[in-house]
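Written below as structure tokens is the structure these notes are about.
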Amino acid sequence: MIDNYGRDINYIRISVTELCNLRCRYCMPEEGVPKRNHDEMMTAEETLKAAKAAVALGINKIRITGGEPLVKRGIVRLCREIAEIDGVEELCITTNGTLLKEFAVPLKEAGVDRLNISIDTLDPEKFSYITRLGQLQDVMDGIDAAFDAGFDKIKLNVVLMGGFNDDEIEAFVDLTRDRDLEVRFIELMPIGGGIDFDKAGFISCETVLERVPELRPLDMTDGVASMYSLPNAKGRVGLIRPISCEFCSGCNKIRLTADGMLKPCLHLDGEISIKGMDEEDMVETMREAILSKPEMRETMDADNPSKAGRDMSRIGG
Ligand code: SAM
Ligand code: SF4
């Protein structure tokens, strides 16, 4: 569906839970998010209805996110049902990867097309520090399990944090030499726990190009990522610049939170509830949400944080 500024909105990110088995310092408070009443959250049936409503409006790409989507009970079945909707061309999941050893094969069999796996460091101690609860090996095993299950075009999401992982940029880029994967460096956004991190160590994606001058631009983009590669590498490097480069004019998505709120813009607090609606009303409300997408957001930095109104873990990234 075309919005009021001529953008073709063909992508929805659906968060299926606010809960997570990790507590990344820039994303979630140490104590986790408060557990909500069951009846405040979307049921699997409602989420499926919302996916169908989105498809009825011309959306053909769906990403499942969270919290951590793989801790959601019934996630494989929900993915299978969404993948079966006529008109869904791409079903993707963003995951922290810790549970992929168990879930990679069932998700592949359920019809999930692609995986984005978040991993901010290759150092086991730093990994446990930044995630508070995680073990790096679980994610490494999860990445291998995803390849073994037959997923291709796997993307690794790396949030850039000066003083934390900028010394690992070369090591991350090196992963693309022999494996057909995309390492995506993402600028840290000043939202929730990210605000403090941002003050301490925001670095822009330009740092990646300064540290690895061999990277060459590719004549392609991948969604919001500018694409690069090392000479003769099997994989690619994507740079996502939500801060240093404005990409609202190319924004093609809306978001649905786990408590049933449509968010026309990630960084504004405008939300429209679809919880409890039948599919027909969901279609109309989603149409309104798309038509209420702003042309662009305001400038954002550590002193002017996101006006999202929720932490990233309660939106889904
Ligand atoms: N739990 C899953 C995961 O970690 O991939 C999915 C949800 S998580 C909120 C989605 C993505 O948002 C992750 O790649 C995470 O690193 C990113 N993220 C969270 N907070 C962020 C922030 N303040 N700035 C930039 N990216 C952020
Ligand atoms: Fe959980 Fe993902 Fe947030 Fe980390 S980034 S706390 S894994 S939701």
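Things to note:
- The sole residue among L91, L70, L78 that is touching a helix residue (DSSP H, G or I) at 6+ places or on another chain (Cβ under 8 Å), within 24 Å of K275 (Cα to Cα) and assigned to a strand (DSSP E or B) is L91.
- Yes/no for E45 being under 30 Å from G162 (Cβ atoms), away from ligand 1 (no atom under 16 Å from the Cβ) and surrounded by fewer than 24 Cβ atoms within 10 Å (Cβ to Cβ): no
- Among residues of segment 94-110, those that are among the β-branched types (V, I, T) and over 16 Å from the mean Cα position of the chain (by Cα), counted: 1
- Applying the criterion of being modelled with pLDDT of 80 or more and basic (K, R) to the residues of segment 188-223, the residue that is nearest to ligand 1 (Cβ to nearest atom) is R211.
- Exactly one residue among I62, I85 is in contact with a helix residue (DSSP H, G or I) (Cβ under 8 Å, 6 or more places away or on another chain), away from ligand 1 (no atom under 16 Å from the Cβ) and not in a helix (DSSP H, G or I), and that residue is I85.
- Check on G250, more than 16 Å from ligand 2 (Cβ to nearest atom), farther than 20 Å from E187 by Cβ and not aliphatic (A, V, I, L, M): no
- Of all the listed residues (L133, L70, L91), the sole one being in contact (Cβ under 8 Å) with a residue 40 or more places away in the chain and of a type in the set (A, V, I, L, M) is L133.
- Test: residue in segment 272-289 that is in a strand (DSSP E or B) and either within 16 Å of ligand 1 (Cβ to nearest atom) or of a type in the set (G, A, S) (or both): yes
- Scope segment 12-40; condition surrounded by 19 or more Cβ atoms within 10 Å (Cβ to Cβ) and over 18 Å from G193 (Cα atoms); matching residues: I12, R13, I14, S15, V16, T17
- Where A51 falls short, out of the listed (1) within 15 Å of ligand 2 (Cβ to nearest atom); (2) within 21 Å of A258 (Cα to Cα); (3) surrounded by 24 or more Cβ atoms within 10 Å (Cβ to Cβ): (1)
- Just one of the listed residues (I9, I59, I85) is farther than 30 Å from V158 by Cα, more than 14 Å from ligand 2 (Cβ to nearest atom) and of a type in the set (A, V, I, L, M, F, W, C), namely I85.
- In segment 166-249, counting only helices (runs of 4 or more DSSP H) that sit wholly within it, the ones holding 3 or more residues that are closer than 16 Å to I154 by Cβ span 169-178.
- Residue that is over 20 Å from S128 (Cβ atoms), touching a strand residue (DSSP E or B) at 6+ places or on another chain (Cβ under 8 Å) and buried (at least 22 other Cβ atoms within 10 Å of the Cβ), where the choices are V208, V159: V208
- R132 satisfies every condition listed in (1) surrounded by fewer than 19 Cβ atoms within 10 Å (Cβ to Cβ); (2) more than 13 Å from ligand 2 (Cβ to nearest atom) except (2).
- Tally of residues being surrounded by fewer than 19 Cβ atoms within 10 Å (Cβ to Cβ) and under 24 Å from Y11 (Cα atoms) across segment 228-253: 9
The values are calculated or read from the model by the stated rules, or taken from the named source; none is laboratory data. Note that the structure is predicted; figures quoted are calculated from it, not measured. Backbone-built Cβ (ideal geometry, glycine too); neighbour counts: all protein chains shown.
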